[in-house]
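The values are calculated or read from the model by the stated rules, or taken from the named source; none is laboratory data. Worth saying up front: this structure is predicted, and the values here are computed from it rather than measured. Reconstructed Cβ throughout: ideal geometry from the backbone, glycine too, with neighbour counts over all protein chains shown. In case anyone asks, the SASA skips ligands and DNA or RNA and just uses the protein heavy atoms, side chains included. Shrake-Rupley method; radii C 1.70, N 1.55, O 1.52, S 1.80 Å.
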Amino acid sequence: MENYINNAGFGPILEKVNAKERLSFDEGRQLYNSNDILALGYLANIVRKRLNGDNSYFIYNQHINYSNICTNLCKFCAFGCEKDSDLAYEMSVEDVKQKVRDRLDEPITEVHMVGGIHPDLPFEYYLELLRGIKEVRPELHIQAFTCVEIAHLAGLADKSVEETLKLLMDAGLGSLPGGGAEVFSPRIRELTCEKKISGRDWLEISKIAHKQGLNTNATMLYGHIETIEERLEHLQALREAQDETNGFLAFIPLSFHPKNTAMSDLSRTTGIDDLKNVAVARLMLDNFPHIKAYWVMIGPQMAQIALSFGADDMDGTVKEEVITHMAGAETDLAIGSTTLIRLIKEAGRVPVQRDTLYNVIEMHS
Ligand code: V47
């Protein structure tokens, strides 16, 4: 295989990967520009194996999207809408508690809860959401509110991000999901999500969270109008932030789904680009412990293959996804743990049920 890698022009990168040396921006560009997916996979697999052995993680989780009403109205998003839209909805705290109650007989360990930037729900509503979930199921880990929502909540509370996070943590917040990062490039934000907080602010809020002991995730929405260089700048900015605080748990590449969005003239990403984003992320983000292959966006089969291209996590049961399905995802709304375990085993990995912070709950060896 080493001959193959050398012939593909990746000899110097292989040497660096074996020596645990950090790859440069230009090397990242070389990786992205190659369509030799087997060579990329081989390289990324070295890092995956070094960091995670043969473990491939999954979690029993439940997604709750408390409201789709949003003032940002990003062009790539089919979920957010204005308050007077026919599609608009808003859950009461009781509705959210009921969603959690409905699944009390399932071994769920995490609620993943995000929503739009709502124009008039008060700060107290968000605290009550957290308290309400904990009341119904105290042992659940609540991974909620992207950095974009945190900035909004700090505005509502009229407090600093630190103080806002402290109040949310006291009410039950356990960690932040990785959404809202999109692509940090100001050009992309201007063209696709001009009202959203800047990439710099997103990173700043993540770092503040880390310093307060909250772990967070990071995403990148790829496959629309971003360039390879903008993807690499995004990955480099995440790598630098992680060097500072070491609070990111996982990176999740998100494949753009165009349907029902203001960018619906664009096509879905291809399998090669999906695998490339997993592999390049694994190679560039040498300080991120985990790379997720999010089956909802790339499909369970592609997520299974991604386990040989740098990913070590398939996210989880999800129950039930809304954001990507509004944008035309054809995957199921949820997946059973038996299916996840089978997908992982057939990929030659050891399925490991984890909690949000990657503590092992059960090894299915
Ligand atoms: O923030 C919006 C993106 C994110 C579209 O942290 C779109 O573990 C594709 O962040 N096509 C929500 N993507 C999903 C998310 C996530 C998912 C799974 C795990 C984790 C984690 C985080 O989806 C949004 C936005 O960046 N998004 N519209 C679209 N049309």
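At a glance:
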quantity	calculated
Filter result (open to solvent by less than 20 Å² (accessible area, probe 1.4 Å) and in contact with a helix residue (DSSP H, G or I) (Cβ under 6 Å, 6 or more places away or on another chain)) within region 235-275	Leu235, Ala241, Gly247, Phe248, Phe251, Pro253, Ser255, His257, Asp274, Leu275
Which numbered condition Gly174 fails, given (1) more than 12 Å from the ligand (Cβ to nearest atom); (2) in a helix (DSSP H, G or I)	(2)
Of all residues in region 234-272 being part of a helix (DSSP H, G or I) and among the polar types (S, T, N, Q), the one that is farthest from the ligand (Cβ to nearest atom)	Gln236
Test set (1) of a type outside the set (Val, Ile, Thr); (2) closer than 30 Å to Lys159 by Cβ; (3) without any contact (Cβ under 8 Å) to a residue 12 or more places away in the chain - Cys70 fails condition number	(3)
Test result for Leu73, touching a strand residue (DSSP E or B) at 6+ places or on another chain (Cβ under 7 Å), part of a loop (DSSP other than H, G, I, E, B) and over 30 Å from Pro351 (Cα atoms)	no
Counted residues, region 199-233 - those being away from the ligand (no atom under 13 Å from the Cβ), outside any loop (DSSP other than H, G, I, E, B) and either over 29 Å from Glu163 (Cβ atoms) or charged (D, E, K, R) (or both)	11
Matching entry among Ile37, Ile64, Ile46 (being closer than 26 Å to Leu357 by Cα, at pLDDT 95 or above, out of contact with any Ser or Thr (no Cβ under 7 Å at 6 or more places or on another chain) and open to solvent by 10 Å² or more (accessible area, probe 1.4 Å))	Ile46
Test: Lys16 is assigned to a helix (DSSP H, G or I), open to solvent by 10 Å² or more (accessible area, probe 1.4 Å) and farther than 23 Å from Tyr222 by Cβ	yes
Test: residue in region 144-159 that is part of a helix (DSSP H, G or I), touching a Lys or Arg at 6+ places or on another chain (Cβ under 7 Å) and under 15 Å from Ala209 (Cβ atoms)	yes
Flag for Glu82 being out of contact with any helix residue (DSSP H, G or I) (no Cβ under 9 Å at 6 or more places or on another chain) and at pLDDT 95 or above	yes
Selection from region 300-343 of residues that are farther than 21 Å from Phe251 by Cβ, within 12 Å of the ligand (Cβ to nearest atom) and either open to solvent by 30 Å² or more (accessible area, probe 1.4 Å) or at pLDDT 95 or above (or both)	Val322, His325, Met326
Test set (1) open to solvent by 30 Å² or more (accessible area, probe 1.4 Å); (2) under 28 Å from Leu266 (Cα atoms) - Glu21 fails condition number	(2)
Tally of residues being within 16 Å of the ligand (Cβ to nearest atom) and open to solvent by 70 Å² or more (accessible area, probe 1.4 Å) across region 83-135	1
